Amino acid sequence: MALLELHNVDAFYGRIRALRDVSLHVNEGEIVALIGANGAGKTTTLRAISGLLQPGSGSIRFAGEDLRRCTPDAIVRRGIGHAPEGRRVFARMSVRENLELGAYTRRSKADSARDMAGVLETFPRLRERLGQKAGTLSGGEQQMLAIGRALMSRPRLLMLDEPSLGLSPILVQTIFGIIGEINAAGTTVLLIEQNARQALALATRGYVLEVGRVAQEDTASRLLASETVRAAYLGA
Amino acid sequence: MKGRKPVRALRLGLLAAVLLVVPFADHNNAHVDFLANAGAFVLLALGLNIVVGFAGLLDLGYAAFFAIGSYSYAIFASQQFGLHVPFWIMLFVAAAIAALFGILLGAPTLRLRGDYLAIVTLGFGEIVPQTFLNLAQYTNGPNGIGSLDQPSLFGRPFGFSATPYYYVVLGLIALGIVAARNLQHSRLGRAWMAIREDELAARHMGINATTAKLSAFALGAAFSGVAGVAYAAKLDLVSPDQFGFNVSVLILSMLVLGGMGNVAGVIVGSLVLSFVNSFLLPQASNIAHTAGFTYLDFTNYRFMLYGVILVGMMLLRPAGLLPSAKRRAELEAALTDPALAAHEQTEYEGAHAR
């Protein structure tokens with residue numbers, strides 16, 4: 001059974017329909033990439049999953065439970081971590097405070113301390129910057145912090161909204177390498193990317209979103225090879 | 001750190017001792033009276049600080065909760081309805097009533113931010129005293145409710161001296177400080193801080209912004225409910241004109257002057273403004289009058305003075321007299337180009353690491 005399953009999800013911003021009948025699933029242990037142009041509904045899909053936007057109709061199930069009536073905090077507690085669009089680190093707080101807030105839903109201090117050690121293991125750069133204000137970090141470091149902060153809730157499913165945005169090619173490589181490690185350590189990943197080539201190289205499967213609907217779904221390698229995807233998103 | 005703890009405890013003990021003997025050392029009842037009133041405003045400032053300082057929700061109608069607390073006492077502890085609930089119990093009841101209204105005000109404003117929130121709270125601040133004014137059959141309208149029950153302790157009524165009120169307010173402030181500091185460092189306090197910084201990011205972290213904001217409104221209002229009871233009992237009268245917009249602005253000015261978000265700063269700010277308001281300005285007027293300038297009444301210039309203070313503070317010390325470390329960082333980052341600030345910070349820290 002799929003860990004996350006969306007079935008015919010519709011979503012609206014006011015009267016504008018942002019998602020039409022979106023159906024997708026993420027199996028335990030996978031990395032799934034959601035690719036598509038600006039405004040295709042990628043971020044909206046993640047926001048619907050994490051409860052920040054109430055879907056109009058359709059069902060969203062996570063580990064067998066219906067998420068539709070859940071508040072965002074209840075969804076985080078059920079095991080979905082979400083590194084938001086544009087990173088949104090707490091700029092005037094220290095790296096440590098950011099990570100601590102990531103563990104907000106967790107009650108046990110000892111567990112959080114262990115998770116923090118794990119996150120710092122994954123992102124050694126953050127350890128060097130623990131006391132520094134998050135706003136003073138470089139873009140890549142902020143992205144690391146955003147991912148690390150989302151990991152602090154110890155999610156079963158980690159959702160990443162454009163982790164490569166605004167980063168140098170070398171940093172993109174680093175970040176994607178780390179995402180692979182996080183996945184290998186047992187966390188399922190749902191990834192949004194405009195950088196389709198990188199995302200599909202890393203992912204198990206992928207979905208192509210076009211104006212709010214799923215246009216294509218396949219294994220990542222087949223999408224990489226597909227003529228239409230190559231023409232539209234890979235620039236070749 | 002450990003070595004400093006006894007010093008801190010000693011200082012606190014000394015301060016407590018001084019505050020406790022003031023009414024014995026100073027036989028001028030007017031001074032004690034001034035301190036008791038100033039103390040009520042310290043409580044109000046501590047409460048507003050929870051809403052504005054901790055949670056970052058700009059409330060321009062905070063005096064409404066002060067009114068609700070005061071009127072609660074007047075209604076439940078006077079001849080008005082023949083109800084005589086004891087003062088000590090009313091402290092809790094009024095806190096609960098004010099907290100309830102805090103939630104009622106908070107609920108419709110949850111989606112509002114910044115200036116929009118300020119306007120709605122401003123409206124609430126106007127509605128509440130107006131309601132007390134217009135419900136004349138219950139509240140005597142503009143005349144207000146007088147002859148409130150005198151508090152008593154162990155069967156001894158407080159009488160007309162300000163001294164017992166001084167001690168009550170002092171005790172309430174002590175409790176208020178402990179409560180505020182515990183809240184600030186609690187899980188809820190961290191949620192407030194995260195919401196103040198970035199509400200959307202806070203929600204991504206699994207913080208329930210709705211409950212966090214409503215708790216801030218409720219807890220902040222509870223402080224002013226308590227302050228209202230103490231103030232009303234001491235004054236022996238409540239009337240709608242005591243709770244106007246100017247009172248809300250006065251309390252907010254105390255926060256700005258002292259340092260929003262910092263408990264110690266807020267206390268200093270409220271004491272300074274109370275001193276200016278009830279002591280310095282009347283004294284200055286008296287001096288002017290004896291010197292022959294009979295047309296000079298400085299108390300009429302108090303709002304001009306607040307304005308000058310606020311403008312001056314913004315220019316010279318924008319984070320307040322005793323700023324909270326966090327607020328200072330926020331303001332510094334906001335005042336300079338953030339990118340530049342970030343760059344400088346890394347340079348600075350880099351240089352020091354070497």
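The values are calculated or read from the model by the stated rules, or taken from the named source; none is laboratory data. Here the structure is a predicted model, which is why all the values come from computation and not from measurement. Virtual Cβ from ideal backbone geometry, glycine too; neighbours counted across all protein chains shown.
Some notes on this structure:
For every residue, the table says whether it meets (1) surrounded by 20 or more Cβ atoms within 10 Å (Cβ to Cβ); (2) touching a strand residue (DSSP E or B) at 6+ places or on another chain (Cβ under 8 Å); (3) in a helix (DSSP H, G or I).
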position	(1), (2), (3)
B:Gln137	no, no, yes
B:Pro142	no, no, yes
B:Ser161	no, no, no
B:Tyr166	yes, no, yes
B:Leu170	no, no, yes
B:Ile177	no, no, yes
B:Arg181	no, no, yes
B:Ala191	yes, no, yes
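- In summary, A:Ala2 fulfils each of the numbered conditions (1) under 23 Å from A:Leu202 (Cα atoms); (2) among the small types (Gly, Ala, Ser); (3) away from chain B (no Cβ under 12 Å); (4) surrounded by 18 or more Cβ atoms within 10 Å (Cβ to Cβ) with the single exception of condition (4).
- A:Ala110 in a loop (DSSP other than H, G, I, E, B), of a type in the set (Gly, Ala, Ser) and either more than 9 Å from chain B (Cβ to nearest Cβ) or surrounded by 20 or more Cβ atoms within 10 Å (Cβ to Cβ) (or both): no
- Looking only at residues in segment B:67-99 that are among the β-branched types (Val, Ile, Thr) and touching a helix residue (DSSP H, G or I) at 6+ places or on another chain (Cβ under 7 Å), the one that is modelled with the lowest pLDDT is B:Val85.
- Screening A:Ser23 against (1) modelled with pLDDT of 95 or more; (2) closer than 24 Å to B:Arg111 by Cβ leaves a single unmet condition, (2).
- For segment A:203-230, the candidate set comprises residues that are of a type in the set (A, V, I, L, M) and surrounded by fewer than 20 Cβ atoms within 10 Å (Cβ to Cβ); within that set, the residue that is farthest from A:Gly58 (Cα to Cα) is A:Ala225.
- Per-region count, segment A:183-194, residues surrounded by 20 or more Cβ atoms within 10 Å (Cβ to Cβ) and under 23 Å from A:Gly166 (Cβ atoms): 5
- Candidates in segment A:113-122 are the residues that are surrounded by fewer than 21 Cβ atoms within 10 Å (Cβ to Cβ) and among the hydrophobic types (A, V, I, L, M, F, W, C); of these, the one that is nearest to the other protein chains (Cβ to nearest Cβ) is A:Ala113.
- A:Arg96 surrounded by fewer than 16 Cβ atoms within 10 Å (Cβ to Cβ) and of a type in the set (D, E, K, R): no
- Residues being of a type in the set (A, V, I, L, M) and within 17 Å of B:Leu58 (Cβ to Cβ) - total across segment B:178-198: 2
- Applying the criterion of being of a type outside the set (A, V, I, L, M, F, W, C) and closer than 14 Å to B:His31 by Cα to the residues of segment B:260-298, the residue that is nearest to the chain's Cα centre (by Cα) is B:Ser274.
- Subset tally (residues that are among the aromatic types (Phe, Trp, Tyr) and touching a residue at least 24 places away in the same chain (Cβ under 8 Å)) for segment B:276-304: 2
- Applying a threshold of 8 Å to beta carbon distances and a minimum spacing of six or more residues, or different chains, the list of pairs starting in segment A:27-52 at a residue that is in a loop (DSSP other than H, G, I, E, B) and ending at one that is acidic (Asp, Glu) reads A:Ala37/A:Glu210; A:Ala40/A:Glu210.
- Residue count, segment A:82-104 (criterion: over 17 Å from the mean Cα position of the chain (by Cα) and at the interface with chain B (Cβ under 8 Å from one of its Cβ atoms)): 7
- Residue in segment A:127-147 that is part of a strand (DSSP E or B) and of a type in the set (Ser, Thr, Tyr) present: no
- Residue that is farthest from the chain's Cα centre (by Cα) [pool: residues in segment A:151-187 that are over 21 Å from A:Leu46 (Cβ atoms) and of a type in the set (Val, Ile, Thr)]: A:Ile170
- Single match in B:Gly269, B:Gly261 (criterion: outside any helix (DSSP H, G or I) and small (Gly, Ala, Ser)): B:Gly261
- Within segment B:34-79, the set of residues being among the small types (Gly, Ala, Ser), under 22 Å from B:Gln137 (Cβ atoms) and not in a helix (DSSP H, G or I) comprises B:Ala77, B:Ser78.
- Condition met for A:Pro155 (surrounded by 18 or more Cβ atoms within 10 Å (Cβ to Cβ), away from every other protein chain (no Cβ under 12 Å) and assigned to a loop (DSSP other than H, G, I, E, B)): no
- From B:Leu44, B:Leu112, residue being under 21 Å from B:Val238 (Cβ atoms) and of a type in the set (A, V, I, L, M): B:Leu44
- Subset of segment A:53-77 (residues that are surrounded by fewer than 18 Cβ atoms within 10 Å (Cβ to Cβ) and part of a helix (DSSP H, G or I)): A:Ala74, A:Arg77
- Residue within segment A:161-182 that is touching a helix residue (DSSP H, G or I) at 6+ places or on another chain (Cβ under 7 Å) and within 11 Å of chain B (Cβ to nearest Cβ) present: yes
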